[in-house]
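**Q** Below: one structure in structure tokens.
The values are calculated or read from the model by the stated rules, or taken from the named source; none is laboratory data. Quantities reported herein were computed from a predicted structural model and do not represent experimental measurements. Here the Cβ positions follow ideal geometry from the backbone for every residue, glycine too, while neighbour counts run over all protein chains shown. Please note that ligands, DNA and RNA were not included when accessible areas were found on the heavy atoms of the full protein model with its side chains. Shrake-Rupley method; radii C 1.70, N 1.55, O 1.52, S 1.80 Å.
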Amino acid sequence: MDNTLIEARGLSRHYDVSNGFFGGTATVKALSNASFTLQAGRTLAVVGESGCGKSTLARVVTMIEKPSSGELTLDGHHIRSDEPLTDAQQAELRASVQIVFQDPFGSLNPRQTIGRILEEPVLINRPDVTKAQREQQAREMLAMVGLRPEHYDRYPHMFSGGQRQRIAVARALMLEPRILVLDEPVSALDLSIQSQILNLLVELQERLNLAYLFISHDLSVVRHMADDVMVMYLGRVVEKGAASEVFDAPRHPYTRALLSATPVADPTREQTRIRLEGELPSPLNPPAGCAFNPRCWKAEERCRQSAPELDEQEAHPVACYFPL
């Protein structure tokens, strides 16, 4: 039985922006030609520096934004850039895919009680559910994420950051989705609280057989959570594979540099920091050829002339002419 819940083929999201004093418009290729699959019960981590396209991918998968091109299949429903969805299709898909945002302080309405916050998705998307049923479901969800029934009548300002993120997770689960997009879900929390939320996410995944698209720049968190990893640079996927392969034998120079900056809890293991020269290029004016070539110590003339492509037939593909 095929349990694939997300299948993306050549997924792209481009933006036309004003070119300032020079007039006209320029195109920002925030996401270019991304392809991947995600199965129920598994976690695909998307990693890279700020501006690499991680959050753009999250917005496309959650249908906050439509893809500019490519195909996206969510829980058996096909989404194409040139075919608008009906209201009924959008409602069904939004029930299947939910998102947990980075900031637990900004993602909850301070004027609403926790009960109201949890019930709102059901009230909007399933108007046939009675008030008593919504309340019962909300109280059960509070217990599932480790909060108490009396929290139902309280307001967000009465909770810590970790508790607010538990509430955000509970809200995302109210429509019984099969896919959760987790956009930096613990980066705004203290280190002592991060492990609690990550362990909660692992428990919920095992209990509900959820698929996680886990957006993060913290590779130590990704190592703990991910089954598979997809590395992005300036809107393009440069490497992907099983988490164990990517962490133990990275093939792209950019992946190697990212991993070299991640602390390792092993005093016997030698680690050499690779310091990348320069800043991430502007997506408005990307370099010719491989986008990473101005910062890459392995770059040669070929890298400056054309961009390498991923070979999707490989088990551990990499977009590099000179992989490690």
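**Q** In region 308-324, which residues are crowded, with 18+ Cβ neighbours inside 10 Å and of a type in the set (Gly, Ala, Ser)?
**A** Ala319
**Q** Quick check on my filter: what residues within region 164-194 are more than 19 Å from Met225 (Cβ to Cβ), in contact with a Pro (Cβ under 8 Å, 6 or more places away or on another chain) and open to solvent by 40 Å² or more (accessible area, probe 1.4 Å)?
**A** Of everything in region 164-194, just one residue is more than 19 Å from Met225 (Cβ to Cβ), in contact with a Pro (Cβ under 8 Å, 6 or more places away or on another chain) and open to solvent by 40 Å² or more (accessible area, probe 1.4 Å), namely Arg171.
**Q** Still on this model: Only one of these conditions is not met by Gln271: (1) surrounded by 13 or more Cβ atoms within 10 Å (Cβ to Cβ); (2) at pLDDT below 80; (3) polar (S, T, N, Q). Which number is it?
**A** (1)
**Q** I'd like to verify a number: residues in region 56-79 that are open to solvent by 20 Å² or more (accessible area, probe 1.4 Å) and touching a strand residue (DSSP E or B) at 6+ places or on another chain (Cβ under 6 Å), how many?
**A** Total meeting the criteria: 6.
**Q** If I filter region 278-307 down to residues being of a type in the set (Asp, Glu) and in a loop (DSSP other than H, G, I, E, B), which single residue comes out as least open to solvent (accessible area, probe 1.4 Å)?
**A** Taking the candidates together, the pick is Glu300.
**Q** Let me ask you something else. Taking the stated definitions as given, is Glu92 surrounded by fewer than 20 Cβ atoms within 10 Å (Cβ to Cβ), touching a residue at least 40 places away in the same chain (Cβ under 8 Å) and of a type outside the set (Lys, Arg)?
**A** no
**Q** Which condition breaks for Glu312 when tested against (1) modelled with pLDDT under 90; (2) touching a His at 6+ places or on another chain (Cβ under 7 Å)?
**A** (2)
**Q** Going residue by residue through region 187-205, is there one that turns out to be of a type in the set (Gly, Ala, Ser) and closer than 30 Å to Tyr321 by Cβ?
**A** Checking region 187-205: not a single residue is of a type in the set (Gly, Ala, Ser) and closer than 30 Å to Tyr321 by Cβ.
**Q** Sticking with this structure for a sec: List the strands (runs of 3 or more DSSP E) inside region 178-249, counting only whole elements, that have at least 3 residues being touching a residue at least 40 places away in the same chain (Cβ under 8 Å), among the hydroxyl-bearing types (Ser, Thr, Tyr) and in contact with a strand residue (DSSP E or B) (Cβ under 8 Å, 6 or more places away or on another chain).
**A** Per the criteria, no element qualifies.
**Q** Now a separate question. With respect to Ser50, is the statement that it is open to solvent by less than 50 Å² (accessible area, probe 1.4 Å) and among the hydroxyl-bearing types (Ser, Thr, Tyr) true?
**A** Considered against the rule, which asks whether it is open to solvent by less than 50 Å² (accessible area, probe 1.4 Å) and among the hydroxyl-bearing types (Ser, Thr, Tyr), Ser50 comes out as no.
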